[in-house]
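The structure under discussion appears below in the form of structure tokens.
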Amino acid sequence: MLDSIRARLTLWYTGVLTFVLIVLALITYFIFWRSTLQRTDVSLSELSAAFLTTLDAEVKDQSGPDSLKLAGQVAITEHRFRDHVFAIFDSAGNIVVSSQELPTAPPGSSAAGALSSPSFQRFLDDSTRSERFFGNVKGGRSGYRGFARHFSSSGNAYTLVILQSLHPQQEMLEEVTSTFAWVIPVAIVLASVGGYFLARKSLAPVVAMSSQAGRIGAANLHERLAVQNGRDELGHLAQSFNNLLDRLSQSFERQQRFMADASHELRTPVAILRGESEVALSQQARSLEEYRESLGVLHHEAERLTHIVEDLFTLTRADAGQYPLQPGDFYLDELVAECVHSARTLALAKKISLNFEEAPESPIHADESLLRRMILNLLDNAIKYTSEGGRVTVTCGHTEHEYVLSIADTGGGIPADLQPRIFERFFRADKARSRAENDGGGAGLGLSISRWIAEAHHGRLELTRSDSAGSTFTAYLPGPASPSASNS
């Protein structure tokens with residue numbers, strides 16, 4: 001049961017509500033008790049003042065040694081209230097007069113025992129410490145609230161004590177307690193049921209999204225979760241999940257396209273290897289020249305197959321983050337010059353002019369082998385797609401924070417609608433593909449690897465120009481003054 005979020009939310013909500021209601025009930029009970037006690041004390045104080053006023057007036061009308069007792073009886077009669085006890089004590093603690101001595105006192109009243117109880121004696125002793133004193137006295141059904149006030153009459157000191165029964169106040173507090181005793185459980189039950197259905201209704205979209213997400217697989221990866229309210233938390237969750245599905249779908253499509261292109265690229269050299277070997281084996285007698293020609297074809301296709309596999313392995317390690325850089329200090333201009341010198345043979349074979357404009361010293365901290373591979377890939381790409389008699393120009397300069405390496409050719413250019421996809425793996429424009437296959441070109445992975453190398457050095461590789469006059473690829477690499485260069 002506790003495995004359900006709805007049940008846990010309901011239990012938490014019920015527990016917190018129970019705690020709040022109990023605390024509220026205790027505070028309410030304390031406020032009622034405090035207010036009742038204060039009203040009782042105020043009533044006793046006012047009643048004592050009225051009693052003494054009547055007593056003073058009656059003492060003046062009386063004479064003799066028992067004048068105070070007679071005046072007290074008259075005052076008690078005038079201020080007699082239900083559940084109240086009046087008593088006057090002299091300085092020695094003896095009772096001068098009390099409401100229990102009057103003929104109207106109910107027989108067997110519990111108040112008579114209250115005046116002689118040990119609790120009352122302690123109250124009376126404590127009252128000598130202050131002019132006015134409030135305290136509780138045990139007795140009766142719920143006890144008494146007592147008030148003692150000192151006064152003088154005819155030169156003698158006396159103490160007026162008024163006891164008020166706490167039974168009515170106790171009955172009211174018991175009613176409040178009993179009310180809370182049934183209201184709180186009913187409120188908790190109703191709130192728990194309502195909280196459970198509220199949690200169930202609130203989490204219903206999550207259950208629906210979970211069910212729908214469980215049905216999404218490779219066959220229906222295009223489906224998306226329904227977004228009922230894009231402005232609340234569940235709407236944001238659904239949108240985030242849909243964005244995740246979009247990225248997964250794009251990755252899945254790239255993977256499918258990658259596998260299809262890889263299969264296509266690997267099938268061609270494998271088919272040539274198989275066909276050439278079958279032809280060589282089908283004839284009983286062949287000349288040495290024919291065998292050398294067949295072996296040359298097999299060797300050429302094996303090199304091409306090895307190059308494709310190595311490129312695939314490089315990109316796979318790069319995607320997995322398992323191709324660590326080995327940076328070192330060298331001069332970028334010298335590396336570019338060496339790469340141009342190495343590619344000059346390919347350019348001369350196609351009667352292409354390969355020029356490297358003089359560049360200033362360009363110290364850099366990077367992986368020399370990877371940058372060499374990037375430059376050779378770009379040079380090979382430019383020479384491969386430049387017609388006979390064309391020109392390839394290499395420039396290397398720098399700005400305030402980065403080096404700029406540009407390789408421009410005079411080929412036929414790349415169609416505008418295909419330029420955004422030029423760095424995709426195995427992608428080649430149709431014209432470029434036909435030329436590359438005719439001359440044994442690569443598999444369309446060179447630009448992808450080159451861009452990864454630039455980005456691995458916190459730089460970038462861009463196609464900055466491509467039209468009928470040719471194309472220009474530009475690599476931007478961090479210079480020595482850039483913080484990225486020192487961290488690469």
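The values are calculated or read from the model by the stated rules, or taken from the named source; none is laboratory data. From a predicted model like this one, the values you see are computed outputs, not experimental measurements. Here Cβ is always computed from backbone atoms with ideal geometry, including for glycine, and neighbour counts include all displayed protein chains. Each accessible area value is taken on the protein alone, full model and side chains, heavy atoms only, with ligands, DNA and RNA left out. Shrake-Rupley method; radii C 1.70, N 1.55, O 1.52, S 1.80 Å.
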*Selection within the range 207-239 - open to solvent by 50 Å² or more (accessible area, probe 1.4 Å) and either among the small types (G, A, S) or touching a residue at least 40 places away in the same chain (Cβ under 8 Å) (or both)*: A208, S210, S211, G214, A218, A219, A226
*Is the range 34-55 home to any residue that is of a type in the set (A, V, I, L, M, F, W, C) and over 22 Å from G146 (Cα atoms)?*
no
*State the number of residues belonging to the range 7-52 that are without any contact (Cβ under 8 Å) to a residue 60 or more places away in the chain and either more than 32 Å from the chain's Cα centre (by Cα) or at positive phi (or both).*
13
_Filtered residue count, the range 289-331, keeping only those that are touching a residue at least 60 places away in the same chain (Cβ under 8 Å), surrounded by fewer than 16 Cβ atoms within 10 Å (Cβ to Cβ) and within 41 Å of the chain's Cα centre (by Cα)_ = 1
*The one condition in (1) out of contact with any Leu (no Cβ under 7 Å at 6 or more places or on another chain); (2) assigned to a helix (DSSP H, G or I) that Y323 fails to fulfil*: (2)
_For A92, only one of the following conditions fails: (1) open to solvent by 30 Å² or more (accessible area, probe 1.4 Å); (2) farther than 26 Å from S116 by Cβ. What is its number?_
(2)
_Count - residues of the range 458-482 that are open to solvent by 10 Å² or more (accessible area, probe 1.4 Å), in contact (Cβ under 8 Å) with a residue 60 or more places away in the chain and touching a Ser or Thr at 6+ places or on another chain (Cβ under 6 Å)_ = 2
_I need the full set of residues from the range 173-199 which are more than 13 Å from A25 (Cβ to Cβ) and either in contact with a helix residue (DSSP H, G or I) (Cβ under 7 Å, 6 or more places away or on another chain) or outside any helix (DSSP H, G or I) (or both), in order please._
A191, S192, G195, Y196, A199
_From E338, E358, E388, residue being out of contact with any strand residue (DSSP E or B) (no Cβ under 8 Å at 6 or more places or on another chain), farther than 23 Å from A469 by Cα, open to solvent by 40 Å² or more (accessible area, probe 1.4 Å) and assigned to a loop (DSSP other than H, G, I, E, B)_ = E358
*Residue check: is E368 of a type in the set (D, E) and within 16 Å of G470 (Cβ to Cβ)?*
no
*asked:* Looking only at the range 231-264, how many residues end up being among the aliphatic types (A, V, I, L, M) and not in a helix (DSSP H, G or I)?
replied: 0
*Please work out which one of (1) surrounded by 15 or more Cβ atoms within 10 Å (Cβ to Cβ); (2) at pLDDT 85 or above; (3) in contact with a helix residue (DSSP H, G or I) (Cβ under 8 Å, 6 or more places away or on another chain) is the condition L44 fails and give its number.*
(3)
*Could you tell me whether the range 214-230 includes any residue that is farther than 24 Å from R8 by Cα and assigned to a helix (DSSP H, G or I)?*
yes
_Checking Q100 against (1) buried (at least 16 other Cβ atoms within 10 Å of the Cβ); (2) modelled with pLDDT of 85 or more; (3) part of a helix (DSSP H, G or I): exactly one of these is not met. Which one?_
(2)
*When residues of the range 6-27 are filtered for being exposed (fewer than 14 other Cβ atoms within 10 Å of the Cβ) and either under 23 Å from G146 (Cβ atoms) or among the β-branched types (V, I, T) (or both), how many remain?*
5
_Which listed residue, of L335, L312, is in contact with a helix residue (DSSP H, G or I) (Cβ under 8 Å, 6 or more places away or on another chain) and either more than 30 Å from R267 (Cβ to Cβ) or of a type in the set (D, E) (or both)_ = L335
*Given (1) of a type outside the set (S, T, Y); (2) more than 21 Å from A49 (Cβ to Cβ); (3) touching a Leu at 6+ places or on another chain (Cβ under 9 Å), number of the condition F134 does not satisfy*: (2)
*Determine, yes or no, whether T399 is open to solvent by 60 Å² or more (accessible area, probe 1.4 Å) and either of a type outside the set (A, V, I, L, M, F, W, C) or modelled with pLDDT of 90 or more (or both).*
yes
*Kindly indicate whether any position in the range 209-222 is of a type in the set (K, R) and more than 28 Å from the chain's Cα centre (by Cα).*
no
